[in-house]
Amino acid sequence: MRFLLSSDEGDVIRGWVVPDNPQAISRVSVCIEGSRVAEVSAIHADQNFVKFGWHATGQCHFEVRDTDVPGLAGIERLEIYDVDTNVLVYRRLPRTGLTDKKAILLNAHIRPETVIQTALFPYFRQSYFGIGRFPDEILRAMFDTVTLDSCLMAGSIIYPRYEGHFVQSGALTMLLVHDPFVEMASRLTWLRERASIAANPEQHWRLGNLVEAAAFTLDYDFTDVKSLKRLFRMMPEPAYHLLYNPLTRQLSTHVPEDRLMPGSSIIAVEVLSRIDVVGHRDYFEAFMASMFHHLGIEAPLPLPLPISNETLALAELLRGMRFARDMVVYDTVLSDAVRASVSKNWEA
């Protein structure tokens, strides 16, 4: 499914939804205070969708008008969802208390930063999470459109691929850096948690090329150094790709298949310096305070989710292993630099 809001002019809301079924005519539902009050089908065809191979007829553009929702222009709060998937397409809110910025929260952690997303959600008209799974064409449209002026987008994306769009649209970019060994431990435990999915022939497609990597982790003891050494010697290539300097890869490449070179570390440092708000997980409060300041938000600072003792113990074992240190040598430079900068400025 692909979608985008085109405009909200008060008495008419325009947008488009391309359904997963290329033969289907897209439909959206309008909800007010949690109740569905109207269902609107697409009425306009766009041949570009046909050319892209997204849809058979291109009939994907919808218009919500006063005839569909009486008094539409005067309704301050409403939501528009795709009927088939129940995905939020648009949310109208009063401007009071909302930021007018477009903000990009880059998720460098294997797990979404749900605490940050939850803290920011009430202050944006639109919020899109998990944008790393969105098609490239949709991401570029979302980053460029002027209608998303109070919009939070969060997820794991390769930053240089879209940096020009952020600059052009004046988006506020934000990144929280994690300790590289805690991140590596988190990625290993994340893989192990999905081993049961990898073993299920009806579900393993959800893991893409990480099926073998997830299943592989079950053969090793994360509390034993010798077992971990064997893991690093025998790991399949997708697991290696997931663990090898992931932050540097996110900040210095343009496509997931790009190889990291010695110069990638320099590129990553330069790109990092251009991100508006950069923080370190060890100084979570400082990151949240800086982010709230840039967005004009006045609210209590949330506490981070605790990292499990199992993950922290694994991180300490990895920190003492040469194989592991070699795999995050670039990310260690980035993490240490950010931690030192934040520590100096926050405690001054």
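Taken together, the values in this text are just the output of simple stated rules run on the coordinates, not laboratory data. Remember, predicted model here, so these are calculated numbers, not experimental data. Here the Cβ positions follow ideal geometry from the backbone for every residue, glycine too, while neighbour counts run over all protein chains shown.
Here are the numbers for the structure shown:
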{"read-out": "Residues Y162, Y244 arranged by fewest to most Cβ contacts within 10 Å", "value": "Y244, Y162"}
{"read-out": "Student exercise, region 1-92 dipole from Lys, Arg, Asp, Glu Cβ charges, in Debye to nearest 20", "value": "240"}
{"read-out": "10 Å-binned pair-distance histogram of region 291-348 (Cα, whole percent)", "value": "17, 30, 36, 15, 2"}
{"read-out": "Neighbour-count order for R230, R92, fewest beta carbons within 10 angstrom listed first", "value": "R230, R92"}
{"read-out": "Within the chain: Cβ-based charge dipole about Cα centre, in debye rounded to nearest 20 (Lys, Arg +1; Asp, Glu -1)", "value": "700"}
{"read-out": "Rounded to whole Hz, the Karplus (6.51, -1.76, 1.60) HN-Hα couplings of region 88-105, x for glycine and proline", "value": "5, 9, 7, 9, 9, 9, x, 6, 4, x, 9, 7, 9, 8, 9, 10, 10, 9"}
{"read-out": "For the chain, average projected area of the Cα convex hull in nm²", "value": "19.4"}
{"read-out": "Whole-Å semi-axes of the ellipsoid equivalent to region 108-154 (Cα gyration tensor, √5λ, descending)", "value": "19, 16, 6"}
{"read-out": "Space enclosed by the convex hull of the alpha-carbon atoms of region 1-92, per residue, Å³", "value": "78"}
{"read-out": "Likely footprinting exposure, R194, R322, fewest C-beta neighbours within 10 Å first", "value": "R322, R194"}
{"read-out": "Label-point separation, E39 to I266 (7 Å along Cα→Cβ), nm", "value": "6.0"}
{"read-out": "Viscosity 1.567 mPa s, 4 °C: Kirkwood-radius Stokes-Einstein D of region 39-154 over Cα pairs, µm²/s", "value": "80"}
{"read-out": "Charge dipole (region 1-92, unit charges on Cβ, about Cα centre) - positive-most of P70, F49, L5", "value": "F49"}
{"read-out": "Residue (of I138, T118, F232) at the positive-pole extreme of the chain, dipole from beta-carbon charges", "value": "F232"}
